[in-house]
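What follows is a single structure, written as structure tokens, with notes after it.
Values quoted throughout were computed directly from the atomic coordinates according to the rules given, and no laboratory measurement underlies them. Keep in mind the model is a prediction, meaning the values are calculated, not measured. Cβ placement follows ideal geometry from the backbone for every residue including glycine, while neighbour counts extend to all protein chains displayed.
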Amino acid sequence: MASSNDIPTTGKGLIVSFGEMLIDFVPTASGVSLAEAPGFLKAPGGAPANVAIAITRLGGNSAFVGKLGDDEFGHMLAGILKENGVKDEGITFDEGARTALAFVTLRADGEREFMFYRNPSADMLLKPEELNLELIRSAKVFHYGSISLIVEPCRSAHLKALEVAKEAGCLLSYDPNLRLPLWPSADEARKQILSIWEKADLIKVSDNELEFLTGSDKIDDETALTLWHPNLKLLLVTLGEHGARYYTKNFHGTVEAFHVNTVDTTGAGDSFVGALLAKIVDDQSILEDEPRLRAVLKFANACGAITTTKKGAIPALPKEEDALNLLNA
């Protein structure tokens, strides 16, 4: 059992999170279709933005790089990042396109279905020349997803940012965050998600993503290791209420989950990733030291679990003491 004194302190090194930030419209009632929903609450979202806020909530240092619409929602989202202590020098605004919206259905089991409004949304229009390269170069960790690979010019901006981060010696952290409805086809999604696979130092996939990327319906070590590549330092497979599996060059294992009263799974994976990155940013040797890595993953699991106990991602992201209380309970 990890106790709070095994958990390293949150690092001060900069973690840059790249990609989309949008507004989720979440129904006021669970277990109904979008058409039947009596009303919606607006909830700021977008996985890379959630990760950036998860990090600052734990006392870490993060920046968000992406494009928002020069509209009320876009300025609201930029304000939320700022209020949460996320550095905003990497944010640009598009005068011609709106901030992306997603209507989310909360099924009775807490899982989600999405309907997106992006044609095109501002995040898709980020150009390589709009990137704040100084900010990216000053990061110790560069974190990203795959939604930014779907269309140009954002795809080129993503690839440019990756290249600059890699040259600067950043640890590259990849959470594909599969959203199939946004891709032209499943094959295209698989192809593009895997097109940048070999570049990452750290990859986190969910059990669903593992099945999607490998074409296997087995969630076992053998299947997971087909996703291994020689430059990888850590591969993580999150298993919801069954915890997480970890794989490195020299060891692998499972970290148990915490059982909590789940209301909404939104942001749990982002909370997990943010916690992990915040704890390894200043000491990446943790990735090669199994006892210390297990303690960090246990902490990250606690953060993920807490995030499922409230509706919406950002309001539910925990502070350090919340996670330590759950660890020590």
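Below are the figures for this structure:
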{"item": "Distance violations [Cα-Cα > 25 Å] among Lys249/Lys319; Lys82/Lys233; Lys42/Lys191; Lys160/Lys310; Lys127/Lys199", "result": "Lys249/Lys319; Lys82/Lys233; Lys42/Lys191; Lys160/Lys310"}
{"item": "For the range 102-203, size of Cβ-based charge dipole, Lys and Arg +1, Asp and Glu -1, in debye", "result": "20 debye"}
{"item": "Net lengthening on full extension, Asp70/Thr92 (0.36 nm per residue, minus Cα-Cα)", "result": "7.0 nm"}
{"item": "Computed E for Asp217/Glu134 - FRET, C-beta separation, R0 45 angstrom, nearest 0.05", "result": "0.50"}
{"item": "Among Pro181, Pro318, Pro44: highest mean-square fluctuation, GNM of the chain, C-alpha pairs under 10 Å", "result": "Pro181"}
{"item": "Total charge dipole magnitude, the range 196-292, about the Cα centre, Cβ charges on Lys, Arg, Asp, Glu only, Debye to nearest 20", "result": "220 debye"}
{"item": "Positive-end residue of Ser17, Gly274, Leu324, charge dipole of the chain with Cβ unit charges", "result": "Leu324"}
{"item": "Counting DSSP beta bridges with both ends in the range 15-328, the antiparallel % (nearest 5)", "result": "40 percent"}
{"item": "Answer label, with Cα extents along the principal axes in Å calculated from the coordinates and candidates (1) 71, 51, 32; (2) 50, 46, 40; (3) 84, 50, 38", "result": "(2)"}
{"item": "Equivalent ellipsoid semi-axes - Cα gyration tensor, the range 170-329, angstrom", "result": "24, 20, 14"}
{"item": "Cβ-Cβ FRET estimate between Thr254 and Phe114, R0 fixed at 35 Å, reported to 0.05", "result": "0.75"}
{"item": "Ser156 versus Lys82: modelled label distance in nm, points set 7 Å from Cα along the beta carbon direction", "result": "3.1 nm"}
{"item": "Total charge dipole magnitude, the range 1-142, about the Cα centre, Cβ charges on Lys, Arg, Asp, Glu only, Debye to nearest 20", "result": "380 debye"}
